[in-house]
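One structure is given here, and the rest of the page talks about it.
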Amino acid sequence: MAPVEESEKEKKEKKVDIDMKEKIEQILGEIEALKCTTAAEVEEARIRLLGKKGTITALFEEFRTVAPELKREFGQKLNQLKNAAAAKIEELKANAGAAAGGKNGGSGEDLSRPGDDFPLGSRHPVSIVREEIVEIFRKFGYDVAEGPEVEDDYHVFEALNFPPEHPAREMQDTFFVTNNQEKNPILLRTHTSCVQVRCMETMPLPIRVVCPGRVFRNEAISARAHCIFHQVEGLYIDENVTFADMKQSILLFAREMFGPETQIRMRPSYFPFTEPSAEVDVSCNICHGKGCNVCKGTGWLEILGCGMVDPNVLEASGIDSKKYSGFAFGMGVERIAMLKWQVKDLRHYFENDLRFLSEFENNI
Ligand code: DAH
């Protein structure tokens, strides 16, 4: 019988098998002789042997062409090789770390330690409340406007119908930048109502605008008073705007701000720039009207001043008071923040004590 001729394919597989045997022996030798002193060297060796393009990884690729009857034997050999390499790398790694006096790296650093904390800042409570107020009015269709903090007497007082002898114009209340005896002195605005005037001067009618900003008063600093605080002013001017429109707008605002059950009440008041004027209270959202120490047993909390824009104020800015009417309101941002979070000492809002500020991290 003629000897069975080896096929080309079989010859090729045999060649591969012999090659692979040699390669395994060679790499085993290499592993045994492997010496590394630093963690970087160990890592280099690991990549050379077991990395994506490493020699052992390449053998696993080659393994696919091994003759089926030899697959079992070579499979075992290859796995042993891989385990031997991994064990050696681990051993070298430990030695390199110990030599450097650290747990992991040659640098002596313990790379398994958690990273340094990277604390995130949070928004200031005054900013949070100011944004909340502005957003509510934005939803109602109001624009947002800002004006200068350093203003003149005309915009802060005169155009708002303050008589010349009004006490707010005294040095005790107002910080003057220029001599208050001169005509139209420059000063730090004591309220944001002056932005109303700037809006009436420049904006086309109808006007629907809120004006957030910082205001200044010459007050001794205490828990209840500060020389700087924040207000949001509101102004709505159109034909046929009535007191009822104002009341409804403020009620809707109060419910958005303090919850859908909130009630409001209006008390008659006086401001030179509005007639009639009112102060608005909301039902205490802490005791729900029963009376607690926040509302001082009354069940009500004052939140803002408002009124129908005085015809003198409209006329001063060139608006026909026979055709147009409007309402305005102004509220203190710190006051609303106090009601929201029960922080009663105003000074906290200005001292930037991180222990205080970090209380608001979850309100972003
Ligand atoms: N400007 C007033 C203040 O600082 C607040 C205020 C009251 C503003 C009534 C208004 C208003 O627009 O109509 O106390």
What are the pairs, 6+ residues apart or on separate chains, where a residue within the range 70-89 that is surrounded by 13 or more Cβ atoms within 10 Å (Cβ to Cβ) has its Cβ under 7 Å from a residue that is not in a helix (DSSP H, G or I)? Phe74/Val66; Lys88/Leu34
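Of all residues in the range 47-69, count the ones that are touching a residue at least 40 places away in the same chain (Cβ under 8 Å) and either part of a helix (DSSP H, G or I) or of a type outside the set (A, V, I, L, M, F, W, C) (or both). Don't jump to the end; show me each part of the working.
Of the residues in the range 47-69, the ones touching a residue at least 40 places away in the same chain (Cβ under 8 Å) are 49, 62-63, 65-67.
Pick out the ones that are also either part of a helix (DSSP H, G or I) or of a type outside the set (A, V, I, L, M, F, W, C) (or both) and you get 49, 62-63, 65.
Total meeting the criteria: 4.
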Of (1) open to solvent by 70 Å² or more (accessible area, probe 1.4 Å); (2) over 22 Å from Ile133 (Cα atoms), Gln263 fails just (2)
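Residues are listed down the side, and each one gets a yes or a no for (1) closer than 16 Å to Asp238 by Cα; (2) modelled with pLDDT of 95 or more:
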| position | (1), (2) |
| --- | --- |
| Ser277 | no, yes |
| Val282 | no, no |
| Val294 | no, no |
| Gly299 | no, no |
| Gly307 | yes, yes |
| Ile319 | yes, yes |
| Lys322 | yes, yes |
Going through (1) in a strand (DSSP E or B); (2) more than 24 Å from Lys344 (Cα to Cα) one by one, Arg214 fails only at (2)
What are the residues in the range 180-204 that are within 12 Å of the ligand (Cβ to nearest atom), in a loop (DSSP other than H, G, I, E, B) and either in contact with a helix residue (DSSP H, G or I) (Cβ under 6 Å, 6 or more places away or on another chain) or among the hydroxyl-bearing types (Ser, Thr, Tyr) (or both), if any? Arg189, Thr190, Thr192
Mind checking which residues of the range 319-357 are within 16 Å of the ligand (Cβ to nearest atom), of a type in the set (A, V, I, L, M, F, W, C), under 27 Å from Phe243 (Cα atoms) and not in a strand (DSSP E or B)? Ile319, Val333, Ile336
Single unsatisfied condition, Glu239 versus (1) more than 20 Å from Cys306 (Cβ to Cβ); (2) open to solvent by 80 Å² or more (accessible area, probe 1.4 Å): (1)
Kindly evaluate Ala316 against the criterion of being more than 32 Å from the chain's Cα centre (by Cα) and within 16 Å of the ligand (Cβ to nearest atom). yes
Identify the residue in the range 272-307 that is open to solvent by 10 Å² or more (accessible area, probe 1.4 Å), among the small types (Gly, Ala, Ser) and more than 10 Å from the ligand (Cβ to nearest atom) and, among all such residues, is nearest to Leu251 (Cα to Cα). Ser283
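The values are calculated or read from the model by the stated rules, or taken from the named source; none is laboratory data. Just so it is clear, the model here is predicted, and its values are computed rather than measured. Cβ atoms come from the backbone with ideal geometry, glycine included; neighbour counts cover every protein chain shown. Side chains included, ligands, DNA and RNA excluded: accessible areas come from the protein's heavy atoms. Shrake-Rupley method; radii C 1.70, N 1.55, O 1.52, S 1.80 Å.
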